[in-house]
Amino acid sequence: MIAQLNDWMPMINEIFFTMCGIVSIVTGIRGLKNKKAPYGTFAFWTILGLLFILGKFIIDAMGDTGAALIGMSLFVLAALTFTKQVQIGEYSVQPVKEREEAAKKYQNKIFIPAVTLAVVAMALAQVKIPYTVVVDGVQQTKTFVFSGAAAIGIASVLALLFGFILTKANGKEITEDSTRLMMTVGSAALLPQLLGALGSLFSTAGVGVVISNIISTVIPSNSVLIGVIVYVLGMVIFTIIMGNAFAAFAVITAGIGIPFVILQGGNPAIVGALGMTSGYCGTLLTPMAANFNIVPSAVLETKSRYTVIKAQVPISLTLIVAHIILMLVLAF
Amino acid sequence: MPDWFTLIGVVIIVVGFALKLDVLAVILIAGLATGLAAQMDVMEIFAVLGRGFVNNRLMTIFFISFPVIAIIERYGLKEQSANLISKIKKASVGKVLMIYTFIRWLAAAFSVRLGGHVQFIRPLILPMALAAGITDKNGSLSEDEEDEIKGLAAASENYGNFYGQNIFPAASGVVLIQGTLVTAGYEITLADVATASIPIGIVMLIAAVAQFYFFDKKLAKGVSKK
């Protein structure tokens, strides 16, 4: 039973990716009602949805040709956002009073779906069930785990179910609100996934090797202390320049984190986790991360654009030192 | 072509992000340029990007949770959260911000979308902090003090958000870390990365509490000088 479930996991994943695709396509259809760029918006979200639903099947069926077709569609998506053909639609605003009344009515029960989403996803991610199978007459021990997609997918479906039962919301409201959320997040939602794709291209092209060759001519490769310091500072500096820790992570981890820290015996999960949050220390310092630092200054009407960054400097510097110490102590 | 030509992609990413150009276009052009510099075939570049995109779909799995968020927000999640926070009796600027940082951190760790400079800081946390400050100072805050409180209030949102989010195993940062390292050949799980993100979160809480505590001290000193 468990063994079967494990075999089905790839198919189960596809079910949840299909649901993501459906959310995207529904957004595309809603985009047709846009005053600005209805067709571009429709095309963007619909193509994206189809890539989610069909992507794996296309690659399985057509191999490299299929993968290349998907790669080309990504350039179509980029052409649409580059020419500003993907826009946010017009939505009727829900009166604040309506939400306040709902808050009064449901009180803390409204947290049930939110907590379900978080707790179920987290709980499923912890599940590890060992089981034995016989392959070619030899007994093997394997471990069953829920895939990330299944854990989040199951949690979301349960949370949605509880949400419907609790509020008796109607489908149209949910479609309107979900598509508005999708359009508001917009193409930025794809940033991590595209950077992941870029990361695999970087590794095929050997970018990490080139960076680590350059770094290794400058720093000794046998010092854990120096490796950790260079990795943490590399993440901070690249994030300051780019304004985005995710973009820095793919490059710096391949170029510095793996060769100079993990290959010297660092625990990969701990090094990676602390590498990313090192980047967040850079985010606290940079005007490039406008949405976290400059926009809030505007929203709060501060005297200078840099008031928020100024407040964050002492904590950022303290945490940079803390990252170096924690990485040395916990990962080795 | 020399090896270091493949770094062209890194340069394009750095410049493109710094100039705030369209992110999708910047990333794909960086990929194309890198591939060409490494003398890859154009079709091969498309294929690697396409395969990478499909293999990394997990990073965008959060689409599936949007309908849930839509329901709970429409039915008063933010309003009820605000009710809960406002029940906390005002104390001092530092204490208000400490409590908010902690709540924001905890919410991020559970992937609850509670927070935001526009939704929470401006309408709720900043007024509470300023009110506490004015009471502390017997009636008035200087312009500089007010500005500093604004900076700290915005910072408290970032602190909680940044160092709490990766404690949730499905956070996009966590899936990026896990995806990158699995691609590099290290078999780690989302839960491993999330667990490894807890210690720095606790260090952040201590550092933030210290910062807000010293601000309260500084503000109090200003009073006695008057």
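The values are calculated or read from the model by the stated rules, or taken from the named source; none is laboratory data. Predicted, not measured: the structure shown is a model, and the values here were computed from it. Note: ideal-geometry Cβ built from the backbone for every residue, glycine included; neighbour counts use all protein chains shown. Please note that ligands, DNA and RNA were not included when accessible areas were found on the heavy atoms of the full protein model with its side chains. Shrake-Rupley method; radii C 1.70, N 1.55, O 1.52, S 1.80 Å.
Key figures
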{"quantity": "Inter-label distance, nm, simple model (7 Å from Cα along the C-beta direction), B:VAL11/B:ASP144", "calculated": "4.5"}
{"quantity": "For the range A:232-308, the spread of Cα positions along each principal axis, largest first, Å", "calculated": "48, 18, 15"}
{"quantity": "Chain B: most fluctuating residue of B:VAL54, B:VAL14, B:VAL112 per GNM, C-alpha cutoff 10 Å", "calculated": "B:VAL14"}
{"quantity": "Chain B: C-alpha gyration tensor shape, a/c 1.5 cut-off, then a/b vs b/c", "calculated": "prolate"}
{"quantity": "Ratio of the Cα radius of gyration of the range A:140-283 to 2.2 N^0.38 Å, where N counts its residues", "calculated": "1.40"}
{"quantity": "Helix axis angle, B:23-37 relative to chain B longest principal axis, alpha carbon, degrees", "calculated": "40"}
{"quantity": "For chain A, the longest site-free run once trypsin sites (Lys or Arg not before Pro) in DSSP loop states with at most 10 other Cβ atoms within 10 Å are removed", "calculated": "A:169-332"}
{"quantity": "Label point distance in nm, A:LYS104-B:VAL42, each placed 7 Å from Cα along Cα→Cβ", "calculated": "6.5"}
{"quantity": "Peptide A:153-161 - average C-beta neighbours from other chains (10 Å radius)", "calculated": "4"}
{"quantity": "Cα-derived Rg over Rh, computed across chain A with Rh taken as Kirkwood radius", "calculated": "1.00"}
{"quantity": "Interface area, A with B, accessible, probe 1.4 Å, both sides summed, Å² nearest 100", "calculated": "11100"}
{"quantity": "By average C-beta atoms within 10 angstrom, highest first, the peptides B:27-33, A:272-278, B:182-188, A:68-74", "calculated": "A:272-278, B:27-33, A:68-74, B:182-188"}
{"quantity": "Over the range B:34-179, relative contact order from alpha-carbon pairs under 8 Å, at least 6 apart, %", "calculated": "29"}
{"quantity": "FRET efficiency, 1/(1 + (r/R0)^6) with R0 51 Å, evaluated for B:ALA220 and A:ILE154 via beta carbons", "calculated": "0.50"}
{"quantity": "Per residue value of the accessible surface for the range A:79-237 (all protein chains in place, 1.4 Å probe), Å²", "calculated": "49"}
{"quantity": "Global geometry of the range A:64-162, whether rounded, prolate or oblate, following the gyration tensor of its Cα atoms and the 1.5 cut on a/c", "calculated": "oblate"}
{"quantity": "Distance (nanometres) between label positions extended 7 Å along Cα→Cβ at B:THR195 and A:VAL93", "calculated": "4.7"}
{"quantity": "Residue list for the range A:1-32, given a label point 7 angstrom along the Cα-to-Cβ vector of A:GLN140 and an amide N cut-off under 14 Å", "calculated": "A:3-4, A:6-7"}
{"quantity": "Candidates B:GLY52, B:GLY179, B:GLY164: whichever shows maximal mean-square fluctuation once chain B is modelled as a Gaussian network with Cα springs under 10 Å", "calculated": "B:GLY52"}
{"quantity": "Shielded residues, the range B:167-200 - accessible-area loss of 40 Å² or more between chain alone and all protein chains, probe 1.4 Å", "calculated": "B:PHE168, B:PRO169, B:LEU176, B:ILE177, B:THR180, B:LEU181, B:TYR186, B:ALA191, B:ALA196, B:ILE200"}
{"quantity": "Theoretical FRET efficiency, 1/(1+(r/R0)^6), r = Cβ-Cβ of A:LYS128 and B:THR135, R0 56 Å, to 0.05", "calculated": "0.60"}
{"quantity": "Average projected area [Cα convex hull, the protein assembly as shown], square nanometres", "calculated": "27.7"}
{"quantity": "Radius of gyration and maximum dimension Dmax of the range B:1-121, Cα, Å", "calculated": "22.3, 67"}
{"quantity": "At R0 = 30 Å, FRET efficiency that the Cβ-Cβ distance of A:PHE332 and B:ALA210 yields, to 0.05", "calculated": "0.65"}
{"quantity": "Relative contact order of chain A, defined on C-alpha pairs under 8 angstrom at six or more residues apart (%)", "calculated": "13"}
{"quantity": "Prolate/oblate/rounded call for the range B:162-226, Cα gyration tensor, a/c under 1.5 rounded", "calculated": "prolate"}
{"quantity": "Shielding by partners, peptide A:250-256 (average Cβ within 10 angstrom, other chains)", "calculated": "3"}
{"quantity": "Added length on full extension, which subtracts the Cα-Cα distance from 0.36 nm per residue, A:ALA188 to A:ARG305", "calculated": "39.8 nm"}
{"quantity": "Peptide A:167-174 - average C-beta neighbours from other chains (10 Å radius)", "calculated": "3"}
